[in-house]
Amino acid sequence: MKIKCLGAIRTVTGSSFQLDNPSGGQILIDCGLFQGGRQTELRNFNSALYKPQEAKAIVLTHAHMDHSGLVPRLVKAGYRGPVYSTVATSELLKILWLDAAHIQEHEAEWKTKKNKRQGQNKVEPLYTEEDALKANELLVPCPANEPVEIQPGFQVTLIPAGHILGAASVFVRALEDGVESKILFSGDLGRQGQLLIPDPQIPPPADLIFMETTYGQRFHKDLGASIEELVSVINQAYQEGGKILIPTFAVERTQEILFLLSTLWHANRIPKDIPIILDSPLATAASEIYVQNPHLFDQETKRLIKEGLTPLSMKTLQVTRSAEDSQKINDIQGPAIILAGSGMANAGRILHHLKHNLWRPNCHVVFVGFQAQGSTGRRLVDGAEMVKIFREPVLVKAKIHTIGGFSGHADQAELVAWLKPQLHPQLTVVLVHGEEAGTIAFEAHLNKLFPEIKTVIPQWLDTLETEGLRLAPTLEPQEAPREEVFGELDGAWRDSFQNRLERLKALMANRERPLGPAELANLENLLSQAEEMVLRY
């Protein structure tokens, strides 16, 4: 069997692996969006790479968009097969795909208006709400820990992996010429003792494991210490009269932080009168799905629910429903805790709150999840003094906090603990879903601990073969069909690009004095526009 690495290779987004099953055709394990920068996100438009009209089935590990968000795009391109996942993942995807489609359509409409003013072409969305609804019809919910034969000779078992509600590792048994291959895709692995969700289960031994390495070179803070740090930040901001902005992913992290805030509020650990605002209709809808699945929580969370210590029991909790409600948050004087998406601060309502508060010294921004390279969140964590929000420069005077103990990903020690029971001398571990430096560091750590096993770090679009588990020759990345993404290169585009180059030359010619912040931001914007056009054509 050949396995092509379509995403999450030396990066943390775009997770997808294409299995060529001789008995039943091609199967995709995960089908995620690429996120974190223009060049990376252009890969999302290359539908042909996934062969949507030839694929027979898609199996998803969980509902996060970097693992599932490209499915509606494949449906738009002709995919009509089943989409297998756990029951909870299926329920979450019904709302997440529609929300993503709405964002895609809104952004395409906004970019089209901008392009028309410059004589450029219409921008098509990655997919539409109609595509998302069609994708919803293909969902096939599967119970955890029960084998499902999805193609002749091809069986999958979804094994709870922690991380978020419904997350699973995918254990594959495939017959080829009478020989059985056992392949495991870890998906995203949760932490030991994390909030809400039980610990990851240990799967049966496999011949080949595709293993995530998001935190392959890092160790998380202790959860108790992280809680104390959050309490300290909230109380400091309250004394300073500033806002606490928490960029959160709509699924899992929002629910975890809300449950934690509820516990702290009831225990009088944070001010009783501080407004706690959930500014995310998507997170609110996801929270309702969580409430409907209490049997998937850990024992501690079940106890809290039984005692009535839920977020809804906080008298200061406010949930916004409309854009108008969100805008009114800016009128709040004094401290407030605001949770809004997206978790990497690269889209969504959190951008509006950052724009209105980043320049305030008494504002505190708390990151409680992984920040991918190229995202606004990553730039803030790395100490940027100015960031662009809605193409406008915003000065950063707020205090930036990274509290790693709330991460939904296993750290280095927890990854090793998950892998150790599955070791045997014939095992090959393919290291994926991590930034390159972290993945390489984790490989070195594994080689030192377990020299008897083989490890592989593939390149994007490499192909592995289960026979001998050897790497096939590296393939060159396939570019998206130009006409599908950007249309024809015309005179208006050339004129627009030439104008930008002339403006850039004029700006760079002024070298008698250092450029000020506004001029630097303008230069960055011009370079960004030039880079985008080069990438497009």
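Considering helices alone, the calculated mean residue ellipticity of the chain at 222 nm is -11000 deg cm²/dmol, with DSSP H runs of length four and up weighted by -39500 (n - 2.57) and normalised per residue. Would you mind pulling out the separation of the Cα centroids of region 306-370 and region 121-183, in Å? If we compute the Cα centre of each part, the gap is 34 Å. Across region 223-406, the mean sequence separation of Cα contacts (distance under 8 Å, 6 or more residues apart), normalised by length, yields a relative contact order of 32 percent. Roughly how many whole Å is it from the C-alpha centroid of region 211-236 to that of region 373-398? With region 211-236 and region 373-398 each reduced to a Cα centre, they are spaced 22 Å. What whole number of Å gives the distance from the Cα centroid of region 20-48 to the Cα centroid of region 255-293? Result: 34 Å between the Cα centres. Shape analysis of region 236-329 places it in the oblate category; the axes a ≥ b ≥ c from the Cα gyration tensor give an a/c of at least 1.5, with a/b not above b/c. Each peptide in 244-252, 400-408, 196-204 receives the mean, over its residues, of other Cβ atoms within 10 Å, and ordering these scores from highest gives 244-252, 400-408, 196-204. A Förster radius of 30 Å combined with the Cβ-Cβ distance from residue 148 to residue 416 puts the calculated FRET efficiency at roughly 0.50.
A crude spin-label estimate for the pair residue 177 and residue 303, with each label 7 Å from Cα along the Cβ direction, gives 5.6 nm. In this structure, the residue pairs whose Cα-Cα separation is over 24 Å, taken from 328/355; 94/122; 2/420; 113/388; 4/94; 94/182, are 94/122; 2/420; 4/94; 94/182. Once Rg and the Kirkwood radius are both taken over the C-alpha atoms of the chain, their ratio Rg/Rh works out to 0.97.
FYI, it's all coordinate maths here, none of it is from the lab. If you're wondering where the values come from, they're calculated on a predicted model, not measured in any experiment. Every residue, glycine among them, receives a Cβ derived from its backbone with ideal geometry; neighbour counts consider all protein chains shown.
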